[in-house]
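Peer 1: Have a look at this one.
The values are calculated or read from the model by the stated rules, or taken from the named source; none is laboratory data. Predicted model, so just to flag it, every value in this text is computed and none were measured. Positions of Cβ are generated from backbone atoms using ideal geometry, with glycine treated the same way; all protein chains shown enter the neighbour counts. Ligands, DNA and RNA are excluded from the accessible area calculation, which covers all protein heavy atoms including side chains. Shrake-Rupley method; radii C 1.70, N 1.55, O 1.52, S 1.80 Å.
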Amino acid sequence: MSLIPPRTPPGVMELLPRQQVAFQRMLDTIRRGYERFGFVPVETPVFETADVLLTKSGGETEKQVYFVQSTGAIQQGHKPDMALRFDLTVPLARYVAEHERDLAFPFRRYQIQRVYRGERAQRGRFREFYQCDIDVIGKDSLGLHYDAEMPAVIHHVFRELDFGGFTININNRKILLGLLDGLGIGEPERRVLVLREIDKLDKLDRDTVRANLTGEGLAVPGDVADRILGLIAEQKSNDDTLAALRAMDVDNDTFRTGIHELSTVMEGLRAFQVPDDAVRINLAIARGLDYYTGTVYETFLNDHRGIGSVCSGGRYENLASHYTKSRLPGVGISIGATRLFYQLLEAGLIKDGGATAQVLVTQMDPALTGDYFRLAADLRAAGLNTEIQLDGGKLAKQMKYADKAGIPVAVLMGSDEKARGTATVKHLLRGEQREVALADLPATVKALLEG
RNA sequence: GCGAUGGUAGCUCAGCUGGUAGAGCCCUCGGUUGUGGUCCGAGUGGUCGUGGGUUCGAGUCCCAUCCAUCGCCCCA
């Protein structure tokens, strides 16, 4: 019989236990941060009915959706009536519309689950990945203070994650849309293309972007391109950027509203005590998704800009218009945890998660098996994650196991120690070893773990 | 979906102008009595992505195909 080669499907992140532990800790940190701000957990099924999921039907996303169908139904020639979610926002919209009467508004939910996209897998791009979302959904209206709260949460979480410095880039789509409209680029299709080029200012230099804008495809007049780039391509302080915006001679209501919203949000950030240097107004941030209507965010790690945005989001005026007549504006962000973790792992910045066991009780003498079990029970009662090497066997082998599994401390007790009422504790990473009275064992292990 | 590069042991790779497969790491065992990670020794492990062609003979040349990586697109 020929063996089937064991292979993970492309585009998934599957980890060895020690890394999985590290990943789990990262998710725990994010979850704690979200709960610290009072967000409540929601989980939705991995699949939704296709009609619910594909309301947006923005060609691109639909091509990337995985359909789900039972084999029986396929045999009968039915088309798939379910599909895997490709983000958490659409399921949220359905959830809120469905449970509207039972929820407290403004509804603050967090959701940490996997989503699925049928893309061609590339480095750091996955077909299955975690999104860690928070959103606040208002009924009829939602104040701009919530737009300011999002960066406060991002700031809190990324400080806790401890991946070094980071910058939250913030913008308001009304500014860009109004600006383009006021400058004679009003038709939606052309505007999207122009925004896409502007969004590339991060990667391409100004002259290249200008050439793309004025080229035959978009045909933006040269003086208009210069005005746009003059405003957004130059790095200024946040206050100077706002001043430059107010000084623009563009007669457009949307543009003015955008400026007002952005400056209101910036004031709100101070109230939330988000440090000034953690947030930067970046007028080039456009975000591809068209359901964002106001504030947009993208967060970058200062030392690893190549990773791209690690936390993005924005404001949308009406979340669930496809499912309910209620008006439900919202604002939210999403951390792409899988990509973030993978990239940091590649960069060697993820610390080994070790094992879940903190201490391994070895079995040196089969006659003392009962003692080992008591010992382990004592350690567990003291709050230590404890494992017994149940197979026994050569001590060298048991030590080797602890080392490979990442268990930092081993407890040894042979007939000599038993006679003396002691046990030997060894810290495998430091090679440190001492013999202590059984009563002191838990405290000694704890001291070694902290030491 | 388009373009570029590559597919040899579980992993990283070597194999020159064609002559019947190698290294390091990993893994297993050993280096005698209760100590891992270092060191020394031994061992397991490959139909050279797949199919076809040229040749006395192909990992090595040719064609096709699949897959992977990178770029474009889009995005977390």
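Peer 1: Can you list the lysines whose alpha carbon is less than 17 Å from that of A:K139, not counting same-chain residues fewer than 8 positions off?
Peer 2: Of all the lysines, those that pass the test against A:K139 - Cα under 17 Å, at least 8 places apart if same chain - are A:K325.
Peer 1: To continue, here is another question. Got a sec? Charge dipole of chain A, +1 on Cβ for Lys and Arg, -1 for Asp and Glu; which of A:A286, A:F107, A:L201 is way out at the positive end?
Peer 2: Selected residue: A:F107.
Peer 1: In nm, to one decimal, how far is the A:R32 label point from the A:Q113 one, both placed 7 Å along Cα→Cβ?
Peer 2: Between A:R32 and A:Q113, the label points sit 2.5 nm apart.
Peer 1: Translational diffusion coefficient, Stokes-Einstein: compute it for region A:359-450 using the Kirkwood radius over C-alpha pairs as Rh, at 20 °C and 1.002 mPa s, and state it as an integer in µm² s⁻¹. All intermediate terms of the calculation are to be shown ahead of the outcome.
Peer 2: On the way: Rh = 12.8 Å.
Calculated translational D: 167 µm²/s.
Peer 1: Test of understanding: what is the full-extension gain from A:S326 to A:S70, defined as 0.36 nm times their sequence separation minus their Cα-Cα distance? Don't jump to the answer; show the numbers that get you there.
Peer 2: Numbers: separation 256, 0.36 × 256 = 92.16 nm, distance 3.45 nm.
Full-extension gain reported as 88.7 nm.
Peer 1: Helix-derived [θ] at 222 nm for chain A: sum -39500 (n - 2.57) over DSSP H runs of at least 4, divide by residue count, nearest 500? Display every interim value, and only then the final one.
Peer 2: Values: 17 runs with 181 residues, N = 451.
Rounded to the nearest 500, the figure is -12000 deg cm²/dmol.
Peer 1: For region A:359-450, build the charge dipole from Cβ charges (+1 Lys, Arg; -1 Asp, Glu) around the Cα centre, then report which of A:Q363, A:A439, A:G421 sits farthest towards its positive end.
Peer 2: Farthest along the dipole direction, towards plus: A:Q363.
Peer 1: While we're on this one: Give me the net charge for the shell around A:D352: Cβ to Cβ below 13 angstrom, other residues only, Lys and Arg +1, Asp and Glu -1.
Peer 2: Working: positive: A:R18, A:R25, A:K351, A:K404; negative: A:D403.
Net charge in that neighbourhood comes out at +3.
Peer 1: Further question: At what distance in nm do the modelled label points of A:A243 and A:T8 sit from each other, each positioned 7 Å from its Cα along Cα→Cβ?
Peer 2: About 5.1 nm, to one decimal.
Peer 1: While we're looking at this one, here's another question. Counting only other residues whose beta carbon sits under 11 Å from that of A:Y116, what net charge do I get with K and R as +1, D and E as -1?
Peer 2: Details: positive: A:R85, A:R114, A:R117, A:R127; negative: A:D87, A:E119, A:E128.
Charge balance near A:Y116 sits at +1.
Peer 1: Could you look at region A:176-230 and say what percent of its accessible area is carbon and sulfur, using a 1.4 Å probe and all protein chains?
Peer 2: Details: 1370 of 2890 Å².
That fraction is 47 percent.
Peer 1: Determine the alpha carbon to alpha carbon distance for each of A:K394/A:K446; A:K404/A:K446; A:K351/A:K418 and list only those over 29 Å.
Peer 2: Details: A:K394/A:K446 26 Å; A:K404/A:K446 21 Å; A:K351/A:K418 37 Å.
Result: A:K351/A:K418 exceed 29 Å.
Peer 1: Quick one: if you take sqrt(5λ) for each eigenvalue of the C-alpha gyration tensor of chain A, what semi-axes come out, biggest first, whole angstrom? Please list the in-between numbers first.
Peer 2: On the way: eigenvalues 535, 143, 94 Å².
Rounded to whole Å, the semi-axes are 52, 27, 22.
Peer 1: Within region A:375-415, list the residues whose amide N lies under 15 Å from a label point set 7 Å along Cα→Cβ of A:E435.
Peer 2: A:412-415
Peer 1: Lys and Arg at +1, Asp and Glu at -1: add these up for the other residues within a Cβ distance under 12 Å of A:V331 and post the number. It would help to have the intermediate numbers written out before the result.
Peer 2: Working: positive: A:R108, A:R315; negative: A:D133, A:D135, A:D147, A:E149, A:E261, A:E317.
With Lys, Arg at +1 and Asp, Glu at -1, the neighbours total -4.
Peer 1: Leaving out ligands and nucleic acids, note down the accessible area per residue over chain A with a 1.4 angstrom probe, in whole Å².
Peer 2: Result: 50 Å² per residue.
Peer 1: Within region A:316-449, what whole-number % of the accessible surface is contributed by carbon and sulfur, with the 1.4 Å probe and all protein chains included in the calculation? Don't jump to the answer; show the numbers that get you there.
Peer 2: Details: 3400 of 6620 Å².
Its accessible area is 51 percent carbon and sulfur atoms.
Peer 1: Hey, another quick one. Only Lys, Arg, Asp and Glu count, each charged at its Cβ (+1, +1, -1, -1), so figure out the dipole size of chain A about its Cα centre, rounded to 20 debye.
Peer 2: Details: 56 positive and 61 negative charges, 223 e Å.
With Lys and Arg at +1 and Asp and Glu at -1, about 1080 debye.
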